[in-house]
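Single-structure report; data block below.
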Amino acid sequence: MEPQVLTLKKKTAKASLVGKKWFKLLLVSLVLLLFAAILAERAFAAPVSFSIDTGGGEGGFDSMKLLFTFALIAVAPSLLLMMTSFTRIVIVFSFLRNALGLQQTPPNQIIIGLSLFLSFFIMYPVITTMNETAITPYTNGEITQEEAIEKVQLPLKEFMLKQTKVQDLNLFLSLSEKEQITEINTEQLMQLGLEVVVPSFITSELKRAFLIGFLLFLPFLVIDMIVASTLMSMGMVMLPPSMISLPFKLMLFVVVDGWSLVMEMLIRSFY
């Protein structure tokens, strides 16, 4: 009977300790909840108001304009990425990682960061031109806001049109029921709106990126075929060919200085 009494006492003591812990946790939670309620009551007691002065005095900045501005700020990074060289670079790097047979090396953060800095390197002349022709004169008060918006589009539009194929432009011109381009005329191309230039540019970038990815796959595909045929001739059917071909692909990529070659090829493809 004594061992049973001892185990019963131990269980009772453990239950009391657990109960004390839960009671303390509940008490702390109630105190924190009460403190948060007091803070919320004081925060909402005074009305929150703000005003945005547009400088004109007469023009107001209503809720719809404010909502549209916040929506534009949220979408602006995606638009800028799609209107630069970022799309082609990040897709090519993803193809390269798959061609090497690597799952998460280099990780997505490294690929995106490298693509961003390469895009900044490629787009630096365009950004400089936009700053000199539109942003700086507007901040100095030399041109109006409408003129600044028109001038800031020109360098970016010129960059996109240089990378856009005529057939892609004609595709979106036909979809928008506009006159198609038969001869390459710089003035006619610069008069096109961004609603036609941007999707045409993205389509051309996707085509070029997939073409470069196909060319990157070919040498590594040859290595996979040689390794697979060698293992089949040796009777090693159960051994995965990718396990044997991966070191050879990495060795080939390192020996030929693959990263420098790929980056140089990507940068030169925009010029």
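General observations
- Some residue of segment 99-121 being over 16 Å from the mean Cα position of the chain (by Cα), more than 30 Å from S242 (Cβ to Cβ) and either in a helix (DSSP H, G or I) or charged (D, E, K, R) (or both): yes
- Scan of segment 146-168 for residues that are in contact with a Phe, Trp or Tyr (Cβ under 7 Å, 6 or more places away or on another chain) and either among the charged types (D, E, K, R) or in a helix (DSSP H, G or I) (or both), ordered by number: A148, M160
- Restricting attention to segment 238-253, the residues that are open to solvent by 100 Å² or more (accessible area, probe 1.4 Å) and either in contact with a Pro (Cβ under 9 Å, 6 or more places away or on another chain) or not in a helix (DSSP H, G or I) (or both) add up to 1.
- Sole residue being open to solvent by less than 80 Å² (accessible area, probe 1.4 Å), in a helix (DSSP H, G or I) and more than 30 Å from E205 (Cα to Cα), chosen from S229, S260: S229
- Segment 155-170 - residue that is within 26 Å of the chain's Cα centre (by Cα) and open to solvent by 80 Å² or more (accessible area, probe 1.4 Å) and, of those, nearest to R208 (Cα to Cα): K162
- I181 passes every criterion in (1) surrounded by 15 or more Cβ atoms within 10 Å (Cβ to Cβ); (2) in a helix (DSSP H, G or I) apart from (2).
- Pair list, Cβ < 9 Å and 6+ apart or interchain, from segment 145-173 residues that are aromatic (F, W, Y) to residues that are surrounded by fewer than 19 Cβ atoms within 10 Å (Cβ to Cβ) and not in a helix (DSSP H, G or I): F159/F270; F172/K178
The values are calculated or read from the model by the stated rules, or taken from the named source; none is laboratory data. Keep in mind that what you see is a predicted model, and the values were worked out from it rather than measured. Reconstructed Cβ throughout: ideal geometry from the backbone, glycine too, with neighbour counts over all protein chains shown. Accessible surface areas use protein heavy atoms only, side chains included; no ligands, DNA or RNA. Shrake-Rupley method; radii C 1.70, N 1.55, O 1.52, S 1.80 Å.
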